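The structure under discussion appears below in the form of structure tokens.
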Amino acid sequence: MIASPNREDGPPGCGTERAAAWGGAVASQGWSITIFSGSRVWGGAEEQTRLLATGMQCAGHQCRFVARAGPVVARMREEGFPTLALPGTGRSPLSIWKARRHLRATRPDVVHFVDPHAVTCGGLASLGLGIAARVGVRHNPFPLRSPARYRLLCNRMICVCEVVAEACYRSGLPASMLRVVRNSCVPPSQPAMDREELRASVGLSPEHEVLLTAAQFNECKGHTYLFQALPRVLQRHPRVRLILAGTGPREEELRRQACELGISGQVLFLGFRRDVRLWMQAADLLVLPSLTEGMSAVLMEAMYEGCPIVTTTVGGTMELLVPHSASDLLAWLIPPARVDLLAEAIIDALGDEKQRMERSARAARRVRRDYTVERMVANTLSVYRELIEGPGACGRLADLQWSGIPS
């Protein structure tokens, strides 16, 4: 069943003056864009997609969603987007048939695939329908499992950073297919909350030093290394408490590890939270010990909020946080899977309030200047325009093409 929009004038903030920033001007004849998602959870990629769809609506285009039943469907309906819920995993023959019937009825100009499962369902459903723009998105730098699938079902691949584009190229996608459109960050939608009041809501006092990690409980997020580092941190900073925002398949394993290390009293599992950005305002440090990353939405949000950061030198993180000079540091950066260096970085950051303030202020200036949602929307629309109207119509094409072919 398709859910109808619950508002007729589009998402908030879509006035004509604001819309000019979302792609040059309000479209006189907007495109119809169908966005496919195969995710079973709401994460960073889904939040970026929500921002993108909102911006494209502001620019005068119509967005619909096709997704497996679950959090993505619920959230996008809440946001007011027409949404088709697919049964099961969203990749069964029945789901593909339903999606194809939907595409035949709506005749979109663009199909946009948020993740690999979406490529399978939406790509197969769109074959032979004459849709000019079939655009996949790649958020992480893992090798592609089936590059032939992407070459068959997509005619462009948007990569959220240079590292992801290189991974796609090394997996077998031609450089001519790749476009780099970086993620974005926007001001928080929730009103500010008193820092001490938020801490008190989970039993913390003003004297506690709060570390925040916001990530799904997957192996690639590196929680286990942070847990191993925490006893060493507690020796120097016994008032430290670690707050974990997220869910995932390794939660029970991490709870057991916390007990085995004797830190269960210092670790708070908060589950999935929509108020993570409030916690960034209440935390002393955001710690993200990832083993791999694309363009982390959590890091961008922490930068925007002025929350000091300890993280690893992986993937697109280096594009976000690499300093221009030794005196221009934005965060504490360490190699992945190094428990000793992770503990040292946290101890160093907690012990130097002046450096925390200076680095977080530089990071906030960078993300607010260079990673706007307006830029992400305009660049994505340029990829669509290249396919619908031809390369000559895309003035931004040279900026988006990936040319970092490794030797």
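Where a number appears in this text, it was derived from the coordinates with a stated rule and is not lab data. Owing to the predicted nature of the structure, the values given are computational and were not obtained by experimental measurement. Glycine also receives a Cβ, built like all others from the backbone with ideal geometry; neighbour counts cover every protein chain displayed.
The simple spin-label model puts a point 7 Å past each Cα toward its Cβ; for Ala74 and Gln235 those points are separated by 4.4 nm. Take every pair of alpha-carbon atoms less than 8 Å apart whose residues are at least six positions apart; their mean separation over the length of the chain yields a relative contact order of 16 percent.
Working value for segment 195-370: equivalent-ellipsoid semi-axes of 23, 18, 16 Å, each the square root of 5 times a Cα gyration tensor eigenvalue, largest first. For segment 274-291, putting each phi into the Karplus relation 6.51 cos²θ - 1.76 cosθ + 1.60 with θ = phi - 60° gives couplings of 8, 9, 4, 5, 5, 5, 5, 6, 8, 8, 7, 8, 9, 10, 10, x, 4, 8 Hz, in residue order, rounded to whole numbers and with x for Gly and Pro.
Mean residue ellipticity, 222 nm, helices only, the chain: the sum of -39500 (n - 2.57) across DSSP H runs of n ≥ 4, divided by residue count and rounded to 500, is -12500 deg cm²/dmol. Length gained on full extension, Arg274 to Glu389, computed as 0.36 nm times the residue gap minus the Cα-Cα distance: 37.5 nm. Applying the criteria of a DSSP loop state and at most 12 other Cβ atoms within 10 Å to the trypsin sites (Lys or Arg not before Pro) of segment 59-161 yields Arg145.
Extension gain, Asp348 to Ala192: 0.36 nm times the residue separation minus the Cα-Cα distance gives 53.3 nm. Fully extending the segment from Gln29 to Leu152, taken as 0.36 nm per residue of separation minus the present Cα-Cα distance, adds 41.4 nm.
Along the chain, the exposed loop sites are GluC sites (Glu not before Pro) outside DSSP states H, G, I, E and B with at most 14 other Cβ atoms within 10 Å, and the longest stretch free of them is 208-407.
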